[in-house]
1. Can you tell me the 0 to 90 degree angle between the C-alpha axis of helix 31-52 and the longest principal axis of the chain, rounded to 10?
2. Using a Gaussian network model of the chain with C-alpha springs under 10 Å, which one of ASP29, ASP70, ASP48 is most mobile by mean-square fluctuation?
3. Beyond 22 Å, how much of the Cα-Cα pair distribution for the chain remains, as a whole percent?
4. Between THR47 and GLN15, 0.36 nm times their residue separation minus their Cα-Cα distance comes to what?
5. Using a 10 angstrom cutoff on alpha carbons, build the Gaussian network for the chain and name the most mobile of GLU41, GLU75, GLU49.
6. If I fit a long axis through the Cα atoms of helix 3-27 and take the longest principal axis of the Cα atoms of the chain, what angle between them do I get, 0 to 90°, rounded to 10?
7. In whole percent, and with a 1.4 Å probe on the protein chains, what portion of the accessible area of the chain is carbon and sulfur?
8. Averaged per residue, what accessible surface does the range 1-57 expose to a 1.4 Å probe, in Å²?
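The values are calculated or read from the model by the stated rules, or taken from the named source; none is laboratory data. Quick caveat: nothing in here was measured; it's all calculated off a predicted structure. The protein model used for the area step is the full one, side chains on, heavy atoms only, and it has no ligands, DNA or RNA in it. Shrake-Rupley method; radii C 1.70, N 1.55, O 1.52, S 1.80 Å.
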Amino acid sequence: MTRSEIAELRYAVGQLRQCVTALRSHYGDAGTVRRLENDLERLVIDTDEFEQAPPPEAPKAKQETIYVPDAKHDEAAWMGAQDEGLGFHSRPRTK
């Protein structure tokens, strides 16, 4: 983890602290607020430990490149298939 990533983590924990403080002032000593405060303190402790002695980085898995040929495919294979998320629906289909 880079220094900037640790700084971002500390900033996020600080933002969370402000939110939990606001919850404390609004809901008082409720059990859920106490648990959130406990979780927040655990995050602070874990962040400190991570910064002092970061664990070894996990080995990066090699990503396999999948080649998709530009050859024309049998369109009958796609008949009846739903096309949600595949693009703009009112555009004419390309062949």
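1. 80 degrees
2. Result: ASP70 has the largest fluctuation of those listed.
3. Distances greater than 22 Å cover 62 percent of the Cα pairs.
4. 10.1 nm
5. Result: GLU75 has the largest fluctuation of those listed.
6. The helix 3-27 is inclined about 60 degrees to the chain.
7. Result for the chain: 57 percent of the exposed heavy-atom area is carbon or sulfur.
8. Averaged over the residues of the range 1-57, the accessible area is 78 Å².
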